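Before any comments, here is the structure.
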Amino acid sequence: MARLDLVLDDIVQLRKPHPCGGYRWRVTRLGADIGLRCMTCEHKVMLPRATVEQRTKAHFDPEGQPKPSPNSENAS
């Protein structure tokens with residue numbers, strides 16, 4: 001599994017929705033555990049890094065632009 005290159009305020013889209021209906025979460029803390037805040041209802045959760053990496057469907061910078069996945073880089 002490729003490690004996500006997360007920085008504070010990045011946005012991740014998880015595979016399953018939060019009960020409020022939101023899919024997008026803002027990164028609020030980095031380390032062994034990742035702090036996430038739902039962008040729909042502002043609920044905060046802490047998840048292990050491995051769980052966040054498994055559940056992430058898309059990764060965006062703080063402005064909402066997609067970040068390339070580590071596997072999509074060309075070695076030319």
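Derivation of every value follows stated rules applied to the coordinates shown; laboratory data play no part. What you see is a predicted model; the values in this text were computed from it and never measured. Neighbour counts are summed over all protein chains in view; Cβ atoms, including those assigned to glycine, are modelled from backbone coordinates with ideal geometry.
Show which lysines lie in cross-link reach of Lys44 when reach means a straight Cα distance below 20 angstrom and same-chain residues fewer than eight apart are skipped.
Lys16, Lys57
For volume of the Cα convex hull per residue in Å³, the choices are [x] 166; [y] 91; [z] 82; which was calculated from the structure?
[y]
Would you compute, from DSSP H runs of 4+ residues alone, the mean residue ellipticity of the chain at 222 nm, taking -39500 (n - 2.57) per run and dividing by the full residue count, rounded to the nearest 500?
-2500 deg cm²/dmol
Could you tally the net charge around Gly31, taking each other residue with its Cβ under 14 Å from the Cβ of Gly31, Lys/Arg +1 and Asp/Glu -1?
Local charge sum for Gly31: +1.
Within the chain, which is the longest segment containing none of the trypsin sites (Lys or Arg not before Pro) that sit in a DSSP loop and have at most 11 other Cβ atoms within 10 Å?
The longest such stretch corresponds to 16-76.
Of all GluC sites (Glu not before Pro) in the range 4-68, which ones are in loop regions per DSSP and have a Cβ with at most 12 other Cβ atoms within 10 Å?
Sparse-neighbourhood loop GluC sites (Glu not before Pro): Glu42, Glu63.
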